[in-house]
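To start, the structure itself, in structure tokens.
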Amino acid sequence: MALARTYAVALVGVHGHLIEVEADIASGLPATILVGLPDTALREARDRIRAAIVNSGETWPNSKITVGLSPATLPKRGSGFDLAIAVAVLAAAEAVPPSALAGKMFLAELGLDGRLRPVPGVLPAVVAAQGDVNTVVVAAPNVAEAALVPGVQVVGASTLTEVIIWLRGGPPPSLPPVPEPPAGPMPALAMARKIDLAEVLGQSEARLAAEICAAGGHNLSLLGPPGAGKTMLAERLPTILPALDTPAAIEVTSIHSVAGRLPAGSGLVTVPPFCAPHHTSSMAAIVGGGTGTVRPGAASLAHLGILFLDEAPEFHRDVLDALRQPLESGEVVIARSGTQAVFPARFTLVLAANPCPCAKANGTGKGACSCSPAARRRYLARLSGPLLDRVDVKVRLQPVSRQDMLYDRKYAEASAVVAQRVAAARDRSAARLAGTPWRVNAEVPGAVLRRTFAPKPDSLASLDRAMELGQVTARGADKIIRVAWTLADLADQPQPGPDQVNLAIGLWLGVA
Ligand SMILES: Nc1ncnc2c1ncn2[C@@H]1O[C@H](COP(=O)(O)OP(=O)(O)OP(=O)(O)O)[C@@H](O)[C@H]1O
Ligand SMILES: [Mg+2]
Ligand SMILES: [Zn+2]
């Protein structure tokens, strides 16, 4: 009869917190008590763990068992504590030597038959344990993900029995050798086929807008008739964005892991994610939430990448409204029974819309749109307010003619070429913004923009005029200056000049 302890991890949002799991076996009436804020799933764990231990041929101690999870103040959710609790109980009963648990952490769900099951969020869990433990034990399908964290030895097992034999000094669980995680994006996020900006023919303004949006992190709206290439262009944005550096890749991969969207055996996500939720998506699917475990939504899955709302006016109004919070603060806060989950959600928003609800082309021919101007206005008005306010660059696409297409095939630039200019522009803005919390022009607050990064007055003459005419509000002026800076960065100029301010005004008004 003794006390044993080991470690597991609780996830709050996408961050892991090391949890000490203690099991105490005392004389008294047989009972199992869990203390330390367990949720329903954890309470169910008690019966599951007991069945797993018994079905693994071990004895469930017939005494008073107390399992404590500390710190008690942290919310603990999900089934990832099963294995840690099981080995702590077995060690307290001296069925395995308690000293064998030193320096180890256990992260897996147990099946009633003693099988180990993978759990979401292994990457942030191992990141949290780094430095405190030297070995992490996970279910076989989680091995590759756990192994992404340097400096921690990963042991993958398929059953509780394998873990027990190993803790008793026997051979470690023998798994097929862990494949090196593939470099680059994980399969689910990787492009289904290789896509390239060069495939978008004509549409030179829209292509330039995409480049500006990639270089400065500006939100973008694409308005145009069906078949003009709006969806095509948006999907190709990640191909011109710089790859994620390692801290960013760990953050993005953690979010996808917590969401349960990381396929077994995948590597770090290094390509900026592209997330295109359907317009029928629920609030929980877009901003996060859900019943039971709180999961990140599309806004967080798009963190440091692109959130694409195709056919944007068709989204539920309350969903569009809910995107205001992440657009403002770069994160989503979900309140749940006394606790809060915070998920990062700093994405570039790209909206696409047809100018009218019938989604037919303009013109007078057969099959052309015959909607009233009022109907068209009402349709687009669904976007105004909450979202269009946050869009710095608005483009109207025209249908591409066959001639344009044939002509452009020779000249359309490839993603690799554009990506180089984007990277160079980003380097310039990063150098200018060094020592500030901002990396791209779109992030610089208006006050700082006016105080520290104001263009020369003679560059701003046309902007002053547009403001006098009431075409541009003060808020619009800030956006225009941000975009003008991006244009200067793309042109390798130290300051935005009058031409860049003019173009930025056009892009903001949507008449470029
Ligand atoms: N600019 C373009 N260059 C080359 N192909 C194009 C272009 N625009 C459209 N296409 C072709 O038309 C198809 C449809 O384009 P896309 O889905 O991007 O249009 P869209 O503007 O999103 O239309 P919708 O409003 O109907 O969604 C593409 O798969 C492509 O084959
Ligand atoms: Mg489309
Ligand atoms: Zn119409």
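Only residues that are buried (at least 22 other Cβ atoms within 10 Å of the Cβ), of a type outside the set (S, T, N, Q) and either outside the structural domain of LYS360 (by TED's automatic domain parsing) or more than 8 Å from ligand 1 (Cβ to nearest atom) (or both): list them for region 212-223, please. Quick ask: steps written out before the conclusion?
Just the residues of region 212-223 that are buried (at least 22 other Cβ atoms within 10 Å of the Cβ), to begin with: 212-222.
Next, from what is left, pick out any that are of a type outside the set (S, T, N, Q): 212-218, 220, 222.
The answer is ILE212, CYS213, ALA214, ALA215, GLY216, GLY217, HIS218, LEU220.
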Any residue at all in region 433-441 that is open to solvent by 30 Å² or more (accessible area, probe 1.4 Å) and assigned to a helix (DSSP H, G or I)? no
The residue from PRO226, PRO242, PRO272, PRO296 that alone is more than 16 Å from ligand 3 (Cβ to nearest atom) and surrounded by fewer than 23 Cβ atoms within 10 Å (Cβ to Cβ) is PRO242
Log entry, pairs with first residue in region 370-382 being within 16 Å of LEU309 (Cβ to Cβ), second being within 16 Å of ligand 1 (Cβ to nearest atom), beta carbons closer than 6 Å, six or more apart or on different chains, reads TYR379/PRO313; TYR379/CYS356; TYR379/PRO357; ARG382/PRO313
By residue number, the members of region 28-60 that are crowded, with 18+ Cβ neighbours inside 10 Å and under 18 Å from ARG336 (Cβ atoms) are GLY36, LEU37, PRO38, ALA41, LEU42
Pairing a residue in region 210-235 that is among the hydroxyl-bearing types (Ser, Thr, Tyr) with any residue that is near ligand 1 (Cβ under 10 Å from one of its atoms) and open to solvent by 10 Å² or more (accessible area, probe 1.4 Å), where Cβ atoms lie under 6 Å and the two sit 6 or more apart in sequence or on different chains, gives THR231/ASP310
Condition (residue is away from ligand 2 (no atom under 16 Å from the Cβ), modelled with pLDDT of 85 or more and part of a loop (DSSP other than H, G, I, E, B)) applied to region 346-362: is it met by at least one residue? yes
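Using the structure shown, decide if ILE286 is open to solvent by less than 40 Å² (accessible area, probe 1.4 Å) and within 16 Å of ligand 1 (Cβ to nearest atom). Spell out the reasoning first.
On the way: open to solvent by less than 40 Å² (accessible area, probe 1.4 Å): yes; within 16 Å of ligand 1 (Cβ to nearest atom): no.
So ILE286 fails the test.
If we scan region 241-264, do we find a residue that is farther than 20 Å from PRO141 by Cα, in the same structural domain as ALA352 (by TED's automatic domain parsing) and within 16 Å of ligand 1 (Cβ to nearest atom)? Even if it seems obvious, please write down each step before you answer.
Keep residues of region 241-264 that are farther than 20 Å from PRO141 by Cα, which gives 241-249, 251.
The next check asks that each one be in the same structural domain as ALA352 (by TED's automatic domain parsing); those that pass are 241-249, 251.
Right, trim to within 16 Å of ligand 1 (Cβ to nearest atom) and you get none.
No, that holds for no residue.
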Going through region 245-269 in order, the residues found to be within 26 Å of ALA210 (Cβ to Cβ) and open to solvent by less than 30 Å² (accessible area, probe 1.4 Å) are ALA248, ALA249, VAL252, THR253, ILE255, HIS256, VAL269
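How many residues are of a type in the set (Lys, Arg) and away from ligand 2 (no atom under 13 Å from the Cβ) if we restrict to region 201-235?
Initial filter on region 201-235 (of a type in the set (Lys, Arg)): 207, 230.
Retained after the next criterion (residues that are away from ligand 2 (no atom under 13 Å from the Cβ)): 207.
Residues meeting the conditions: 1.
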One residue is enough: does region 316-324 have a residue meeting the conditions out of contact with any helix residue (DSSP H, G or I) (no Cβ under 7 Å at 6 or more places or on another chain), more than 22 Å from ALA209 (Cβ to Cβ) and either within 16 Å of ligand 3 (Cβ to nearest atom) or at pLDDT below 80 (or both)? no
Restricting region 61-79 to residues that are at pLDDT 90 or above and open to solvent by less than 30 Å² (accessible area, probe 1.4 Å), the one farthest from the chain's Cα centre (by Cα) turns out to be SER63
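The values are calculated or read from the model by the stated rules, or taken from the named source; none is laboratory data. Keep in mind it's a predicted model, so treat the numbers as computed, not measured. Ideal geometry is used to build each Cβ from the backbone, glycine not excepted, and the neighbour counts take in all protein chains shown. SASA here: full protein model, heavy atoms, side chains in, ligands and nucleic acids out. Shrake-Rupley method; radii C 1.70, N 1.55, O 1.52, S 1.80 Å.
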